[in-house]
Amino acid sequence: MQTDVVVAGAGPSGLSLAGALAQAGLRVVVVDPADQESLAHPADDGREIALTPLSRSRLLLWGQWNRLAVEETPCLREAQVFDGNSTRPMTVSPRKGSHQLGWMVSNHALRRVAWEQAQTLDGIEWRLGRRLASSERDAESAVAVLDDGERIEAALIVAADSRFSASRRAAGISARMHDFGRSMLVCRMRLQQPQRGVAWEWMGYGQTLALLPLNDDLASVVITLPPAEVEALCNLPEVAFNTAVAARFGHRLGEMRLVGGRFAYPLVGVHPERCVAKRFACIGDAAVGMHPITAHGYNLALRGIALLSDRLRQARERGEDIGSDALLDAFQHEFRAITRPLFLATQSIVHLYSDDRAPARVLRRAGLRFGQHFPPFRSLLAAALESDEPRPPVWLRAIERTLWRTPRPFVS
């Protein structure tokens with residue numbers, strides 16, 4: 001068969017891209033090993049996503065946001081960052097004229113509404129229970145070869161199948177992977193002392209803690225530790241687990257009670273050498289796999305989806321080839337100019353605030369004190385994502401020039 005775009009992966013990124021392209025009048029085939037039931041009713045994986053106002057505007061445009069119930073989008077009105085045993089945080093508040101930093105939305109809710117919206121659109125065909133086995137790509141077209149032997153001819157193939165993307169690897173795109181040697185335990189807990197709308201990021205010594213406010217006295221708790229310690233926490237009886245987590249938070253939140261399951265994820269940052277090849281592009285985690293400490297992951301994914309879908313729509317309207325080298329190189333240049341500096345800045349933050357040696361402790365504390373007394377500093381990362389400008393701020397471009405080589409066009 002023939003189509004315009006083949007999307008490998010039906011996670012929230014792949015589904016959002018398929019929906020945006022279908023709304024623009026393009027034909028899309030989505031390939032994923034999951035079945036329809038699991039996509040329509042995705043399992044809760046414990047993860048909560050902090051969405052910025054810019055991301056919300058994208059989801060509104062694509063018809064997804066209004067499918068979320070009000071109770072599924074609790075507001076995030078402030079963030080506090082603690083270092084070590086300090087009780088004096090650096091506080092990040094909304095910029096002038098805004099009432100909140102963003103919204104907390106469960107990952108499985110985002111998956112659900114992306115699927116629901118895609119079902120309402122013409123122009124999307126589904127190949128579920130199947131995988132993209134390989135691809136054949138030349139100057140004229142691409143052919144996606146599925147694991148059952150079906151061949152689908154398209155102008156472009158897009159990988160949206162996780163940070164460890166098999167499709168990206170099969171396309172010959174290598175990636176830099178950094179294993180942080182830590183795992184992340186995620187769960188929901190009821191708090192005796194709720195932090196309504198206030199998120200915590202606590203860079204402790206030997207651990208990193210995060211508290212993401214949900215509704216009422218409910219919060220998402222994220223604990224980052226060496227894998228063996230995370231496994232031990234996961235295996236504790238519930239009462240012992242509650243006591244252990246409350247102690248890790250210094251009993252600042254009073255009693256804490258587990259609600260639902262416990263989930264553990266390895267922390268591995270991934271930055272591909274490039275995010276395009278001949279008639280091939282990457283989006284979502286396949287394009288960049290961020291450490292979650294700065295909460296940029298899915299927000300960056302939505303930026304990439306918007307950039308690519310807008311370029312494809314404009315090319316189609318002009319009667320141009322939507323899989324051309326020129327279009328893909330332009331997309332890569334624009335997207336990498338945003339993601340590369342943010343990836344590097346995030347890596348630097350993680351390295352500094354996971355270093356418990358005395359000199360690093362001094363720098364850590366000094367950094368937060370500086371940030372608290374210099375308001376512009378506190379909004380730099382958020383401003384980088386909130387802007388719709390195609391180029392990142394000067395401070396991020398300086399990091400790019402200093403720490404990373406200039407991107408090269410892909411080799412055909």
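Annotations
- Members of the range 65-83 that are open to solvent by 40 Å² or more (accessible area, probe 1.4 Å) and of a type in the set (F, W, Y): none
- When the range 132-189 is filtered for residues that are touching a helix residue (DSSP H, G or I) at 6+ places or on another chain (Cβ under 9 Å) and under 30 Å from V245 (Cβ atoms), the ones remaining, listed by number, are S162, R163, F164, H178, F180, G181, R182, S183, M184, L185, C187, M189.
- Matching residues, the range 223-251, being among the hydroxyl-bearing types (S, T, Y) and at pLDDT 95 or above: T243
- Enumeration of residues in the range 85-118 that are closer than 19 Å to T52 by Cβ, modelled with pLDDT of 80 or more and hydrophobic (A, V, I, L, M, F, W, C): L101, W103, M104, V105, A109, L110, V113, A114
Conditions tested, residue by residue: (1) farther than 18 Å from L110 by Cβ; (2) open to solvent by 10 Å² or more (accessible area, probe 1.4 Å); (3) among the basic types (K, R).
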| position | (1), (2), (3) |
| --- | --- |
| Y298 | no, yes, no |
| A301 | no, no, no |
| A326 | yes, yes, no |
| E334 | yes, yes, no |
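- Failed condition for D122, given (1) open to solvent by less than 40 Å² (accessible area, probe 1.4 Å); (2) closer than 22 Å to G323 by Cβ: (1)
- Looking only at the range 170-222, and only at residues there that are open to solvent by 40 Å² or more (accessible area, probe 1.4 Å) and assigned to a strand (DSSP E or B), the one that is modelled with the highest pLDDT: R190
- Test: residue in the range 260-278 that is outside any loop (DSSP other than H, G, I, E, B), closer than 22 Å to A20 by Cβ and at pLDDT 95 or above: yes
- Breaking point among (1) of a type outside the set (K, R); (2) free of Cβ contacts under 8 Å to residues at least 24 places away in the same chain; (3) within 27 Å of G297 (Cβ to Cβ); (4) touching a Ser or Thr at 6+ places or on another chain (Cβ under 6 Å), for W103: (2)
- All helices (runs of 4 or more DSSP H) inside the range 9-79 with 2 or more residues being within 18 Å of the chain's Cα centre (by Cα): 12-23, 53-61
- Selection within the range 160-180 - closer than 17 Å to P33 by Cβ and in contact (Cβ under 8 Å) with a residue 60 or more places away in the chain: A160, D161, S162, R163, F164, S165, S167, R168
- Residue match in the range 213-227 (condition: touching a residue at least 60 places away in the same chain (Cβ under 8 Å) and in contact with a helix residue (DSSP H, G or I) (Cβ under 8 Å, 6 or more places away or on another chain)): yes
- Matching residues, the range 106-128, being within 18 Å of N299 (Cβ to Cβ) and not in a helix (DSSP H, G or I): S106
- Test: residue in the range 17-38 that is touching a residue at least 24 places away in the same chain (Cβ under 8 Å), farther than 29 Å from V143 by Cβ and open to solvent by 20 Å² or more (accessible area, probe 1.4 Å): no
- The sole residue among S167, S162, S134 that is buried (at least 22 other Cβ atoms within 10 Å of the Cβ) and either within 29 Å of the chain's Cα centre (by Cα) or outside any loop (DSSP other than H, G, I, E, B) (or both) is S167.
- Scanning the range 39-64 for residues being hydrophobic (A, V, I, L, M, F, W, C), crowded, with 20+ Cβ neighbours inside 10 Å and closer than 29 Å to H99 by Cβ gives a total of 5.
- Here N242 meets the list (1) under 23 Å from F164 (Cβ atoms); (2) open to solvent by 20 Å² or more (accessible area, probe 1.4 Å); (3) part of a helix (DSSP H, G or I); (4) in contact with a strand residue (DSSP E or B) (Cβ under 6 Å, 6 or more places away or on another chain) almost entirely, failing just condition (1).
The values are calculated or read from the model by the stated rules, or taken from the named source; none is laboratory data. Just so it is clear, the model here is predicted, and its values are computed rather than measured. Cβ: placed from backbone, ideal geometry, glycine included. Neighbour counts: every protein chain shown. Only protein heavy atoms, including side chains, enter the accessible area calculation; ligands, DNA and RNA are left aside. Shrake-Rupley method; radii C 1.70, N 1.55, O 1.52, S 1.80 Å.
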